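The values are calculated or read from the model by the stated rules, or taken from the named source; none is laboratory data. Just so we're clear, the structure is a prediction, and the values are computed from it rather than from any experiment. Positions of Cβ are backbone-derived with ideal geometry, glycine not excepted, and every protein chain shown enters the neighbour counts. Side chains included, ligands, DNA and RNA excluded: accessible areas come from the protein's heavy atoms. Shrake-Rupley method; radii C 1.70, N 1.55, O 1.52, S 1.80 Å.
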Amino acid sequence: NSVTNKIYALNGAASLAGGGDALPGFVHVIDGATNTVTHNIEVGNSPFGIAVDEVNNKVYIGNQLQTISFPGGITILDGATNTTTTANLSAIPSTNNPANFSVGRDMVVTSSGRLYFRILSGAATQMLGTMTGSIATPVNLGNVNINTIRYNPANNRVYVGAIAVGGSTNQIFVINPS
């Protein structure tokens with residue numbers, strides 16, 4: 001976060017207790033001026049993706065679904081207080097009961113603070129999700145597998161690379177987050 005001079009490093013291969021299972025994993029908060037770790041914060045299970053919202057001082061961590069006992073989803077880290085909350089993904093259609101998702105490493109935050117993320121599993125197909133605050137909603141791109149998500153702040157556009165399920169043609173979706 002260039003505003004607060006904090007660096008957030010994801011540890012998806014260990015727990016704070018020292019185990020190698022990342023159930024839960026954690027994020028190191030590093031002071032950019034001194035390069036020292038100031039906090040180790042537990043986040044969700046098997047964290048895999050991270051995105052920083054510099055405007056609102058939030059960090060979003062995508063977590064992997066292991067089992068119903070070890071759910072995936074998105075953890076929201078408040079950069080000011082180092083506290084976490086779990087994002088509400090209930091509006092995204094799930095194949096699991098209760099709803100449970102694996103969120104991919106492709107996560108971007110727009111200049112208005114909207115998060116775009118990729119659901120890897122737990123839904124009928126891979127899908128794009130968006131979130132403002134802590135409540136997520138799906139973005140309908142059709143029946144595609146998402147390969148990558150990128151954001152260009154100069155033109156305020158989100159670019160999603162995908163391929164149709166069962167197809168072989170790559171597609172680029174251009175989204176105006178306004």
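Considering only region 18-35, state which residues are farther than 15 Å from ASN82 by Cβ and either open to solvent by less than 20 Å² (accessible area, probe 1.4 Å) or at pLDDT 95 or above (or both).
Across region 18-35, the qualifying residues are ALA22, GLY25, GLY32, ALA33, THR34, ASN35.
Just checking, how many residues over region 104-156 are closer than 19 Å to GLU54 by Cα, in a strand (DSSP E or B), of a type in the set (Val, Ile, Thr) and open to solvent by less than 50 Å² (accessible area, probe 1.4 Å)?
Residues in region 104-156 being closer than 19 Å to GLU54 by Cα, in a strand (DSSP E or B), of a type in the set (Val, Ile, Thr) and open to solvent by less than 50 Å² (accessible area, probe 1.4 Å): 4 in total.
Go through (1) modelled with pLDDT of 90 or more; (2) more than 21 Å from GLY49 (Cα to Cα); (3) part of a loop (DSSP other than H, G, I, E, B) one by one and return the number of the condition GLN171 breaks.
Result: GLN171 fails condition (3) only.
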